[in-house]
Structure formats: structure tokens, C-alpha cells
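Have a look at the structure below before the remarks.
The values are calculated or read from the model by the stated rules, or taken from the named source; none is laboratory data. Computed from a predicted structure; not experimentally measured. Don't worry about glycine lacking a Cβ; one is built from the backbone with ideal geometry, like all the others, and counts go over all protein chains shown.
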Amino acid sequence: MQTCSQCQTTCSDEAILCPTCQAELSTYSVHAQALKKLQANPRVTAIRIAVSYDACPVCREAQGVYPKDAVPSLPVPGCSHANGCHCSYEPILSEIYP
Ligand SMILES: [Zn+2]
Ligand SMILES: [Zn+2]
């Protein structure tokens, strides 16, 4: 499942462009925008791909912690889940010492 960050339309995992506003989902999906924000945040040291409990084997494989500049895009390519990929990005934050 992808969601367009421009018009909130839900699109299939295979969609390249938002069917409503034609935004390029590789840049304007909610996932892509979230990733960009995390990458721009200096407190975020790494990014984790979190999968849902019923994730397909491909997504389970993608689960894990990635360096900020080498994070795979979501939805996970090749996801075979019936309702689409439900993976999400989670930040790994640097510890703040007082
Ligand atoms: Zn859109
Ligand atoms: Zn999947």
C-alpha cells in the first residue's frame, strides 16, 4: 500500500504515478517523504524497516536496520501480501547524554 502525500489517495504497490494528482510516488508517497525527513534529521543515526506481524517472506527479509544512505524504498519490491506491503520506516535515534 502506498499513499500519496500530496492528495492522500491510496494507491497500489505497483503504481508509479498517483492516479488522482499524477505525483511521482517514488518521491511523493508518504513513505518517501517520511524517509526524506528522517534522512535530513541529524539525530537519526540509522533507519529501521519495521514489518507487520503478518508480513510476507520478502518483507521479513527486508526487515532490519539500514544506514541512512542505503535504505530500501517502500513498498518492498516483490511484496506478495494480498493487501499490499505494510512495512514502515522507524528512526534509530542517537542517545542524548545530559
Ligand atoms: Zn496524489
Ligand atoms: Zn510484503
Check on residue 89, outside any loop (DSSP other than H, G, I, E, B), among the hydroxyl-bearing types (Ser, Thr, Tyr), at pLDDT 95 or above and within 16 Å of ligand 2 (Cβ to nearest atom): yes
Candidate set from the range 6-60 (those that are in contact with a Cys (Cβ under 8 Å, 6 or more places away or on another chain) and part of a helix (DSSP H, G or I)); member that is surrounded by the fewest Cβ atoms within 10 Å (Cβ to Cβ): 58
Selection from the range 71-95 of residues that are of a type in the set (A, V, I, L, M) and more than 16 Å from residue 31 (Cβ to Cβ): 82, 92, 93
Is the range 63-74 home to any residue that is near ligand 1 (Cβ under 10 Å from one of its atoms), surrounded by fewer than 19 Cβ atoms within 10 Å (Cβ to Cβ), assigned to a loop (DSSP other than H, G, I, E, B) and β-branched (Val, Ile, Thr)? no
All but one of (1) of a type in the set (Val, Ile, Thr); (2) free of Cβ contacts under 8 Å to residues at least 24 places away in the same chain; (3) more than 12 Å from ligand 1 (Cβ to nearest atom) hold for residue 27; state the number of the condition that does not hold. (3)
The listed residue being polar (S, T, N, Q) and out of contact with any His (no Cβ under 8 Å at 6 or more places or on another chain), out of 94, 73, 88: 94
Under 8 Å between Cβ atoms, which residue pairs at least 6 apart in sequence (or on different chains) link something in the range 12-23 that is of a type in the set (Gly, Ala, Ser) with a partner that is part of a loop (DSSP other than H, G, I, E, B)? 12/1; 12/84; 23/5; 23/6; 23/7
